[in-house]
Amino acid sequence: MSATTTSPAAMRLPPWLSDRAFVIISRLLALIILVVVLSLISPHFLSWNNLINVFRQASVQFVMAAGLTLVVLAGGIDLSVGAVLGLAGCLAASLINGGDVALGVLVALSVGLGCGLVNGALVTLVRIPSFMATYGMLWIAQGLAVIFMKGDTVYGLTAGFRTIATGFFLGIPIPIWIGLALMLLLHGILHTTVLGRSIYAIGGNPAAARLSGMPVRFRLIAVYGLSGLLSGFAALVVIARINSADSSLGDELLLPAIAAVCLGGTSLFGGVGGIVGTAVGSVILAIILNGMNLLGVQTYWQSAMTGGIILLSVLADQIGGARLNRQS
Amino acid sequence: MSAAGIRPAGTGDTGLLGRLAAAPGALYLLGIMGIVLTVWTPGFFGAANLTNVGLQVAVLIIVACGMTLVILTEGIDLSLGPVLGLCGVCSALMIVNGYSLPVAILAALAIGACSGLLNGLLIGVVHLPPFIVTLGVFGIAQSVATVLTKGDSITGLPDYMRWFNDGVVLGVPVPIWATVACVLLTFALLYHTKFGRYVFAIGGNRQALILSGSRVSLYHVAVYVYAGLLTALASFIMTARMNAAHPTIGIGLEFDAIAAVILGGTSFEKGRGSLSGTILGALAVGVLRNGLNLLGIGGEWQIAIIGVVIIVAVGLDSMRNLNA
């Protein structure tokens, strides 16, 4: 059943404009309009310092959204990314504050990986819909973070550890290097490895993937595990950046991560999109938030902004006829 | 097929064991909690505590009624919690600024209906995934509520607002009356109108509905609007109970409501489930929270425990469907 026959709202695009081209062109247009408007409104916007700031924020945002992108490409969703990040961040910050940086890093990564693997098992073996399994995990991870922190805040992390967020290499902040490296790595994984190709195959058509003999369950568990691992990694970057951690660390991070993936043009029905898109989405999101700052908009509006962005970008792709609707 | 729609999942076999296996998880949870609480905490079966549980679950049952319809259509509504906060904040602001109660009620209903309409249009007409749409609306409602109150709560409400929680009519507290009214209304709509039959059919076999030329989208949108309206009503009880309106008061309520629906045996697939199951489920969640409080287990553990309970309930449900 093709998308255009089941969805009354999807219009046919002109023949010279493919679905993917529509997504890419609309994002580039949004980016150009944003940059032009903001540089006209605020002369400060195009300064080197501000741009570096925007890209640093975009990189951190990208690291948080990278794992989610993989899950969405495989046709699932991970609503627990923010909460798992929060839990991993709290544990790591406490350990690092206690002087054990290596153990903190190890714990953050393994907690992330563990939560991700549990998500994967629940989705594939117990067959719980992914949004429900990861939504349950959201509350479990958040509850555990509150229990562990007992309402305390950990702040003032080791300067050496903080370098991963505050340091510079060749005049460029280290988070930007981290974001770039992660993007290249994941792009490579998605396009050259068996796991990467399976992600697209499973997201595009799970039945076909299974019938072709692919170990779908095993690969899906790996994808959720990878997403959790990346949440744990993102937690390290985030706590290094804000130099503190409390149990509410992950509360506000889910919406922006989903917004970055949607803005990046990855289809929520799986199989279409990529990690580079999410990087572009993170940059757009960072520019919007930076613009709101420059214009003096209250921070209270941020989640309305990200919520609106999610709705608008998904709506635009659907109306634009992009291959989003595969429900029968 | 139509009969299967109103019975809990997997009621094919007739033996006692089969029936037990098919009973919704809420029954087991209620049973376990009942035994545990009677043994450990003597106060549990006292009239005072049971009334307390009733008042606590009133809001949950009302919101869960709407959530049941949403989940029956194979949807989800994550925005109901923040929408409750937004409705409460708006009506409280209007009352504090001198508007009359009926105007404030109408305003809250309008906000609930509008957010439901937005959800419904994007899900039922444009066919976007429900969890992503309602998550977007979640963010918007949350933000607007916080902006309106600048993050504070609204206090100084007139005394008559307390009636929504403390009032007693014919010996029964007002929240219980409100809950009974909402349940009866939902029951009538779900089982005795064309709307209700569509709710089951949208989840059960939407393609057939579309092919038969029905106006599916209209009913699909109406489901989300109805959920929004019920949430707006519930916001008054919540505001009265707190004697203040907080922008974040509703957060997590959507989670309890989903838990109630799932524990009540309503399935995420194929439009299977029942309203009576949801009420059992809401009672189970209420008793669980009350019981954890009585046992001295704090709010932070409750979050994690209910997270586990919901996953186990959905997991059991999906396992059962695999075997059926």
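Of the residues making up the stretch B:76-99, those that are in contact with a helix residue (DSSP H, G or I) (Cβ under 9 Å, 6 or more places away or on another chain) and polar (S, T, N, Q) are B:SER79, B:SER91. Scanning the stretch B:265-275 turns up at least one residue that is part of a helix (DSSP H, G or I) and more than 13 Å from A:MET132 (Cα to Cα). Residues that are more than 7 Å from every other protein chain (Cβ to nearest Cβ) and closer than 15 Å to B:LEU86 by Cα within the stretch B:123-136 comprise just one, B:THR134. Given the conditions (1) in contact with a His (Cβ under 7 Å, 6 or more places away or on another chain); (2) surrounded by fewer than 23 Cβ atoms within 10 Å (Cβ to Cβ), report the number of the one that B:ILE305 does not fulfil. Unmet for B:ILE305, out of (1) in contact with a His (Cβ under 7 Å, 6 or more places away or on another chain); (2) surrounded by fewer than 23 Cβ atoms within 10 Å (Cβ to Cβ): (1).
Every residue in the stretch B:283-319 that is part of a helix (DSSP H, G or I), in contact with a Ser or Thr (Cβ under 9 Å, 6 or more places away or on another chain) and more than 9 Å from chain A (Cβ to nearest Cβ), please. Selection gives B:GLY291, B:LEU294.
There is at least one residue in the stretch A:210-218 that is among the small types (Gly, Ala, Ser) and farther than 20 Å from A:VAL81 by Cα.
Of all the numbered requirements in (1) among the β-branched types (Val, Ile, Thr); (2) crowded, with 24+ Cβ neighbours inside 10 Å; (3) out of contact with any Pro (no Cβ under 9 Å at 6 or more places or on another chain), A:THR306 misses one, and that requirement is (3). Checked against (1) hydrophobic (A, V, I, L, M, F, W, C); (2) crowded, with 20+ Cβ neighbours inside 10 Å; (3) not in a helix (DSSP H, G or I), B:CYS182 passes all but condition (3). Going through the stretch A:303-328 one residue at a time, which ones are at pLDDT 80 or above and either touching a Phe, Trp or Tyr at 6+ places or on another chain (Cβ under 7 Å) or at the interface with chain B (Cβ under 9 Å from one of its Cβ atoms) (or both)? Selection gives A:SER303, A:ALA304, A:MET305, A:THR306, A:GLY307, A:GLY308, A:ILE309, A:ILE310, A:LEU311, A:LEU312, A:VAL314, A:LEU315.
Within the stretch A:152-186, being among the charged types (D, E, K, R) and not in a loop (DSSP other than H, G, I, E, B) holds for one residue alone: A:ARG162. Only one of the listed residues (B:GLY139, B:GLY112) is more than 13 Å from chain A (Cβ to nearest Cβ) and buried (at least 24 other Cβ atoms within 10 Å of the Cβ). That residue is B:GLY112.
The values are calculated or read from the model by the stated rules, or taken from the named source; none is laboratory data. Everything numeric here is computed off the predicted structure, so don't read it as measured data. Heads up, the Cβs are rebuilt from the backbone with ideal geometry, glycines too, and the neighbour counts pull from every protein chain shown.
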